[in-house]
Amino acid sequence: MGGHHTGWRLAGLALAWLAGVAMQLQERSLLAPAAYAASLGVGAIALVALWRWPRALVPALLGTALLAFGASGWRAHERLAQVLPAALEGQDIEVQGLVATLPQRSSGGLRFRFDVESARMRGDHVELPERVALGWYSGFHENAALTQPQQELRAGQRWRFVVRLRRPHGNFNPNGFDFELAMFEQGVGAIGYVRDAPALLVDRAAAYPVERMRQHLRDAIDAAVANRRASGVLAALSVGDQSAIEHDDWDLFRDTGVAHLMSISGLHITMFAWLAGLAVSALWRRSARLSLWWPAPLAARWCGLAASIGYAVFSGWGVPSQRTVWMLAAVTVLQALGRRWPWPLILLSAAVVVTALDPWAMLQPGFWLSFVAVGLLMASDSGPAASGARGAAPGSPWRRRLAAVGAHLRGELRSQVIATLGLTPLSMVFFQQVSVVGFLANLVAIPLVTLVVTPLALLGAAFTPLWWLGAWFVQQLCAWLGWLATLPGAVWTVPVAPGWAQAAGLLAAALLILPLPWRARVLALPLALPMFLPVPPRPPAGQFELLAADVGQGTAVLVRTKEHLLVFDAGPQYSRDSDAGQRVLLPLLHSRGERHIDMLLLSHRDIDHVGGARALLQAEQVDTMWSSIEDDHPLRALAASQQRCSAGQHWQWDGVHFEMLQPPAAAYGTGLKSNAMSCVLRVSTGSGSVLLTGDIEREQEAALVAANASALASDVLVVPHHGSRTSSTAAFLDAVRPRVAVFQAGYRNRFGHPAPDVLARYVARGIATFVSPTCGAWRWRSDAPGQGVCERDAARRYWHHASD
């Protein structure tokens, strides 16, 4: 009974620790360091009290939560101290240091982590963060190639070059990827790029021998395997270079539910430890002396752990690998100490270890997917070994072997079913989609990738033909996945469900997996329905909602009525293989339950307005495209229906009025520059109105005012030309008379948008101004015509960048 009570106490303390970490992660801004120090002190005293007085459990629980809160906050202060000072943003700084990680290659150049050893600006020493993320770009055009110095860049080298840095700042959209959290967790204090200035390779083999080995292996794979898809997968599985896999291939792997297999994940690390343990155990038992010195099971566990650490380090020591190693280490230590703890307590202990070393892991999907997957298999008692034991049958040796193989296959199949059912709700919570064909894909991919392709990728370093064999298996797997991806309904995407619906869906998964009576399991269906079939909120008839997306230096606005969606511009193209459509708009649309665009309206042909249009036209159902782009523009070939926008056009959707104010029909064919041809749209209802302006300049503003100044009046103005000095004239602002102005511009953009004097013009008229870098995405509803909501304000946490 005492052991039972001890288990409950330990579980309570572990849960209190996790609650303390979670509470600290919700802080919008950090407390003073003294507050976290006090939390650490009080927590330590409470735990000492539990040691002296075992019945003092409640104070100990509170103390453990305070201890976790204080430790996480103290760590956060240390990380924030490594952020680049604002005064050094955008300055030319000469740095010398080490290429700390394997450079990631893209069509635009190289990206890598750089450990700064020294830095000078205008001859004076300056203090920079210890680690920065750098890009060394070759140019934007398709024919751009790496320069000779770029081709020589390798991990472990010491370089000296001139860089420009800025604080980590990412786009901030509802349910979007938190770039700033990722940089914060990785300890990156600044991001930037190498300038077009002389770059000096100081030392070819200065440090990081493991990274140099990874570099050598990746270069060897590239040289040996001609098929780029296969070589990319082999490089990703052997050295953890995920950038080696092309963007289209990642889409295929995500749509078929096998993306977790194509990067070094917890599954690979665990499988590697298990295989190493089996090999060590088999060899160890052959030596009586070794078995007497150290029992074979213990040797297998510790050697398996050592092998997993080695594999994790060699594959780049990524955050998912670190989490898995700490979890395996916690389990191994507990087993070595002879602790026969129940599986929930083992998992809780491992979670405490992981969050003590990396508090921000709790915010990553991989943390929950890894722990829940292991917990489900433990709770269901369906591991392969157990299934194999139950499948043993009397009879001849051959019959027993066949029975064991059959039992093992049944166990693997049941494990896959359990993992699929149990993890589907979590996938819906984190990614708002699930691969319907993922079960079939993983039945083939899991054993093939973990037991065949990954070992071949590693062993090929000793015998090159093994890489050729591994490449063949990759090509056959991709052919199978490509066929699955073409099946109707291969991917099921739903909008973000409310919190209560997500909790109900997770409970439904637990009811299905846990060994419970069927009367309890039938409750899973009604509990899961709100998550799998959520009803996204829509404006009532006669009203509309506007969302100005945070796409960086560019424009993209969603206008939603009760039954219709208009997308005004599609944001910029960031590089030759990345744009706002794929990175921002498609995830944003899917999270809102938008699978159908009634109208894509492209104001003009500039790349910061149409850069993401191709991705939208290829991935979404777009009924019609309106634009002012020229007849031979490539985007026109992708649109099922299209029309030129011209002044005087108007229509109604669900009681909301849409009116095109610019350009005049006679402007087409006159050779005006693209900004002058910007489509201007006014959206209005009885309670609110919005004016969308593209990149019109002062001449077009004057023409609009002269034509009908009273027709311009609007509550919200999406500012012309991102706040350029060529627009936002006094006469135009006096005609529009907006209460709110939204500037869509990039953080520290090279154009200086919005111009200070233009911004001052709005402020002088008492107009509320919102700028993308400080606001993020901006949301506004015509039936609640206040000043709208900035996503950075609504979802701010202490690691998010606040512009000075």
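The values are calculated or read from the model by the stated rules, or taken from the named source; none is laboratory data. Quantities reported herein were computed from a predicted structural model and do not represent experimental measurements. Note that we place each Cβ from the backbone using ideal geometry, even for glycine, and neighbour counts take in every protein chain shown. Note: areas computed on protein heavy atoms with side chains; ligands, DNA, RNA excluded. Shrake-Rupley method; radii C 1.70, N 1.55, O 1.52, S 1.80 Å.
Given the criteria assigned to a loop (DSSP other than H, G, I, E, B), open to solvent by 20 Å² or more (accessible area, probe 1.4 Å) and either β-branched (Val, Ile, Thr) or under 22 Å from Ala745 (Cα atoms) (or both), does Arg605 qualify? Yes, satisfied.
Restricting the range 564-592 to residues that are open to solvent by 10 Å² or more (accessible area, probe 1.4 Å) and of a type in the set (Asp, Glu), the residue that is nearest to Met428 (Cα to Cα) is Asp579. Can you find a residue that is modelled with pLDDT under 95, of a type outside the set (A, V, I, L, M, F, W, C), touching a Lys or Arg at 6+ places or on another chain (Cβ under 8 Å) and surrounded by fewer than 19 Cβ atoms within 10 Å (Cβ to Cβ) anywhere in the range 652-668? Looking through the range 652-668, at least one residue is modelled with pLDDT under 95, of a type outside the set (A, V, I, L, M, F, W, C), touching a Lys or Arg at 6+ places or on another chain (Cβ under 8 Å) and surrounded by fewer than 19 Cβ atoms within 10 Å (Cβ to Cβ).
Across the range 339-353, what is the total count of residues that are modelled with pLDDT under 85 and closer than 21 Å to Gln186 by Cα? Walk me through how you get there before you give the answer.
Step one: filter the range 339-353 for residues modelled with pLDDT under 85, giving 339-347, 349-350.
Of the ones still in play, those that are also closer than 21 Å to Gln186 by Cα are 350.
Matching residues across the range 339-353 total 1.
Checked against (1) closer than 27 Å to Tyr574 by Cα; (2) open to solvent by less than 60 Å² (accessible area, probe 1.4 Å); (3) out of contact with any Phe, Trp or Tyr (no Cβ under 9 Å at 6 or more places or on another chain), Arg779 meets all criteria but (2). Per the listing Gln104, Gln148, Gln91, Gln157, the residue uniquely crowded, with 17+ Cβ neighbours inside 10 Å and either on the phi > 0 side of the Ramachandran plot or of a type in the set (S, T, N, Q) (or both) is Gln157. Scanning the range 500-525 for residues that are out of contact with any helix residue (DSSP H, G or I) (no Cβ under 6 Å at 6 or more places or on another chain), of a type in the set (Gly, Ala, Ser) and at pLDDT 85 or above yields a count of 1.
Within the range 49-64, residues that are free of Cβ contacts under 8 Å to residues at least 60 places away in the same chain and farther than 20 Å from Val21 by Cα have Cβ atoms under 8 Å from residues that are open to solvent by less than 60 Å² (accessible area, probe 1.4 Å) and in a loop (DSSP other than H, G, I, E, B) in these pairs: Ala49/Ala56; Leu50/Ala56, counting only partners at least 6 apart in sequence or on another chain.
May I ask you to verify whether Thr6 is free of Cβ contacts under 8 Å to residues at least 12 places away in the same chain and farther than 30 Å from Arg212 by Cα? Quick ask: steps written out before the conclusion?
On the way: free of Cβ contacts under 8 Å to residues at least 12 places away in the same chain: yes; farther than 30 Å from Arg212 by Cα: yes.
Taking the combined requirement at face value, the residue satisfies it.
Against the test of being over 28 Å from Val584 (Cα atoms) and modelled with pLDDT under 90, the options Glu152, Glu142 yield a single qualifying residue, Glu152. Which of the residues spanning the range 457-471 are in contact (Cβ under 8 Å) with a residue 60 or more places away in the chain and part of a helix (DSSP H, G or I)? Result: Ala457, Leu458, Trp467, Trp468, Gly470, Ala471. Pairs are defined by a Cβ separation below 9 Å, a sequence spacing of at least 6 or placement on different chains, a first member in the range 313-324 that is within 18 Å of Pro103 (Cβ to Cβ) and in a loop (DSSP other than H, G, I, E, B), and a second member that is open to solvent by less than 40 Å² (accessible area, probe 1.4 Å) and of a type in the set (Val, Ile, Thr); the pairs so defined are Ser315/Val239; Ser315/Ile264; Ser315/Ile269; Gly316/Thr101; Gly316/Val239; Gly316/Ile264; Trp317/Val325; Gly318/Ile264. Screening Gly73, Gly7 for residues that are closer than 30 Å to Phe114 by Cα, open to solvent by less than 30 Å² (accessible area, probe 1.4 Å) and not aliphatic (A, V, I, L, M) leaves exactly one candidate, Gly73. So how many residues does the range 549-568 have that are in contact (Cβ under 8 Å) with a residue 60 or more places away in the chain and part of a strand (DSSP E or B)? Summing the residues that are in contact (Cβ under 8 Å) with a residue 60 or more places away in the chain and part of a strand (DSSP E or B) in the range 549-568 gives 4.
Do the conditions hold for Leu704, that is, is it within 40 Å of the chain's Cα centre (by Cα), free of Cβ contacts under 8 Å to residues at least 60 places away in the same chain and crowded, with 22+ Cβ neighbours inside 10 Å?
Values: within 40 Å of the chain's Cα centre (by Cα): no; free of Cβ contacts under 8 Å to residues at least 60 places away in the same chain: yes; crowded, with 22+ Cβ neighbours inside 10 Å: yes.
Here the answer is no, as Leu704 does not meet what is asked.
Those helices (runs of 4 or more DSSP H) of the range 477-541 in which at least 3 residues are out of contact with any His (no Cβ under 7 Å at 6 or more places or on another chain) and surrounded by 12 or more Cβ atoms within 10 Å (Cβ to Cβ), considering only elements entirely within it, cover 499-513, 524-532.
Here Pro59 meets each of (1) surrounded by fewer than 17 Cβ atoms within 10 Å (Cβ to Cβ); (2) touching a helix residue (DSSP H, G or I) at 6+ places or on another chain (Cβ under 6 Å); (3) part of a loop (DSSP other than H, G, I, E, B) with one exception, condition (3). The single condition among (1) open to solvent by 60 Å² or more (accessible area, probe 1.4 Å); (2) over 20 Å from the mean Cα position of the chain (by Cα) that Ala273 does not meet is (1). Please go through the range 608-652 and give me each residue that is within 16 Å of Leu692 (Cα to Cα) and either among the charged types (D, E, K, R) or part of a helix (DSSP H, G or I) (or both), ordered by number. Passing the criteria: Asp608, His609, Val610.
The test for being farther than 18 Å from Asp608 by Cα and not acidic (Asp, Glu) holds for Tyr762. Could you go through the range 174-193 and let me know if any residue there is buried (at least 20 other Cβ atoms within 10 Å of the Cβ), of a type in the set (S, T, N, Q) and under 24 Å from Pro359 (Cα atoms). No; the residues of the range 174-193 include none that is buried (at least 20 other Cβ atoms within 10 Å of the Cβ), of a type in the set (S, T, N, Q) and under 24 Å from Pro359 (Cα atoms). None of Ala279, Ala220, Ala235 is open to solvent by less than 60 Å² (accessible area, probe 1.4 Å), over 30 Å from Gly97 (Cβ atoms) and part of a helix (DSSP H, G or I) except Ala279. Looking across the range 19-43, just one residue is buried (at least 17 other Cβ atoms within 10 Å of the Cβ), at pLDDT 95 or above and closer than 12 Å to Leu61 by Cα, and that is Gly20. Report yes if Arg164 is more than 18 Å from Arg195 (Cβ to Cβ) and touching a residue at least 60 places away in the same chain (Cβ under 8 Å), otherwise no. In short, no.
Each row is one residue, and each column tells you yes or no for (1) open to solvent by 80 Å² or more (accessible area, probe 1.4 Å); (2) modelled with pLDDT of 85 or more.
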site: Gly395; (1), (2): no, no
site: Ser435; (1), (2): no, yes
site: Pro447; (1), (2): no, no
site: Leu451; (1), (2): yes, no
site: Pro455; (1), (2): no, yes
site: Leu458; (1), (2): no, yes
site: Trp467; (1), (2): no, yes
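Condition test on Phe751, is it surrounded by fewer than 24 Cβ atoms within 10 Å (Cβ to Cβ) and assigned to a loop (DSSP other than H, G, I, E, B)?
Details: surrounded by fewer than 24 Cβ atoms within 10 Å (Cβ to Cβ): yes; assigned to a loop (DSSP other than H, G, I, E, B): yes.
Spelling it out, Phe751 is indeed surrounded by fewer than 24 Cβ atoms within 10 Å (Cβ to Cβ) and assigned to a loop (DSSP other than H, G, I, E, B).
Of the listed requirements (1) assigned to a loop (DSSP other than H, G, I, E, B); (2) closer than 26 Å to Phe114 by Cβ; (3) of a type in the set (A, V, I, L, M), Ala226 misses just one: (2).
Against the definition (closer than 30 Å to Asp251 by Cα, crowded, with 20+ Cβ neighbours inside 10 Å and touching a Ser or Thr at 6+ places or on another chain (Cβ under 9 Å)), how does Ser689 come out, yes or no?
Numbers: closer than 30 Å to Asp251 by Cα: no; crowded, with 20+ Cβ neighbours inside 10 Å: yes; touching a Ser or Thr at 6+ places or on another chain (Cβ under 9 Å): yes.
No, not satisfied.
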